[in-house]
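The values are calculated or read from the model by the stated rules, or taken from the named source; none is laboratory data. What you see is a predicted model; the values in this text were computed from it and never measured. Counting neighbours? That spans all protein chains shown, and the Cβs are built from the backbone with ideal geometry, glycine included. Heads up: the accessible areas ignore ligands, DNA and RNA and are worked out on the full protein's heavy atoms, side chains in. Shrake-Rupley method; radii C 1.70, N 1.55, O 1.52, S 1.80 Å.
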Amino acid sequence: MDEKTVTTGDGAELWTARTGEGPPVILCHGGPGLWDTLEDVAALLPGHTVYRWDQRGCGRSAPSGGPYTLAASVADLEAVRAHFGLERIALLGHSWGAQLALAYALEHPRRVSRIVYVSGMGIDAVTSWHPQYAKAFRQALGNDLERWQKAEGRERAVLQWSVEFQDRGRALELAER
C-alpha cells in the first residue's frame, strides 16, 4: 500500500492510499464526518488501482476548519484525482460517499467512466425519507441515544455510524481499526 498526503487548493491535507494495478477506481467513504472504511472493499477489486482517502478533517486526514460543504468535498475529490494524474476514473461511493460520487460526476462528467452507488442517501428531496430514517436511527441507538445527543466530534460520528451494524460492538472495533 502506498500512502500519501494530498494538499487541496485551499490547503487541506487529505490522507490517501493506493493499492493494486489496473484501471483506476476511487472509493468514497460514508459520513460526512467519518473516515475510510472501505479497505475490505478495495481488496475485492483485483485488476484495478484502487485509491482510498479520508475526507476533509476526518480519520487520518489533517484536522481542518472546513468548509464542510458538498462543493468542498467535490473539490477535494478532484484534488485527489488530479494529484495522481488520473484522466478518467471509476467511482465507488458508499452512503454519503455515493452522493459525493454522483455530485462529482455531475460536475466533472468527462472525468468519470463509471459510478457504483452503494447504499446511497437517495436523490429525492430529504423530506420524503428523512422522518422514517430519523425514527429508525433513534431506535437503533437504543441506550446510546442520550450519549449521542451530547457527544461531539469523533465520538458522535462513531456512535452514528455504529447503528449501521447489527453487531454494534463490531462497529466500534472497526472504528478503532
The lone condition ALA101 fails out of (1) in a helix (DSSP H, G or I); (2) out of contact with any strand residue (DSSP E or B) (no Cβ under 7 Å at 6 or more places or on another chain) is (2)
Given (1) among the basic types (Lys, Arg); (2) outside any loop (DSSP other than H, G, I, E, B); (3) modelled with pLDDT under 95; (4) surrounded by 12 or more Cβ atoms within 10 Å (Cβ to Cβ), where does LYS135 come up short, assuming only one miss?
-> (4)
Filter pass, ALA105 being within 30 Å of VAL50 (Cβ to Cβ), open to solvent by less than 60 Å² (accessible area, probe 1.4 Å) and not β-branched (Val, Ile, Thr) | yes
Does at least one position in the stretch 81-104 carry a residue that is touching a His at 6+ places or on another chain (Cβ under 7 Å) and of a type in the set (Gly, Ala, Ser)?
-> yes
Within the stretch 42-66, residues surrounded by fewer than 19 Cβ atoms within 10 Å (Cβ to Cβ), within 21 Å of ALA105 (Cβ to Cβ) and at pLDDT below 95 come out as none
Candidates PRO46, PRO24, PRO32, filtered to the one that is at negative phi and touching a strand residue (DSSP E or B) at 6+ places or on another chain (Cβ under 9 Å) | PRO24
Within the stretch 35-50, residues within 15 Å of ASP76 (Cα to Cα) and not aromatic (Phe, Trp, Tyr) come out as ASP36
Would you pick out the residues in the stretch 13-34 that are assigned to a loop (DSSP other than H, G, I, E, B) and crowded, with 23+ Cβ neighbours inside 10 Å?
-> HIS29, GLY30, GLY31
Scanning for something open to solvent by less than 50 Å² (accessible area, probe 1.4 Å), outside any loop (DSSP other than H, G, I, E, B) and touching a Gly at 6+ places or on another chain (Cβ under 6 Å), does the stretch 111-118 turn up at least one residue?
-> no
Taking the condition open to solvent by 10 Å² or more (accessible area, probe 1.4 Å) and in a helix (DSSP H, G or I), does ALA71 pass?
-> yes
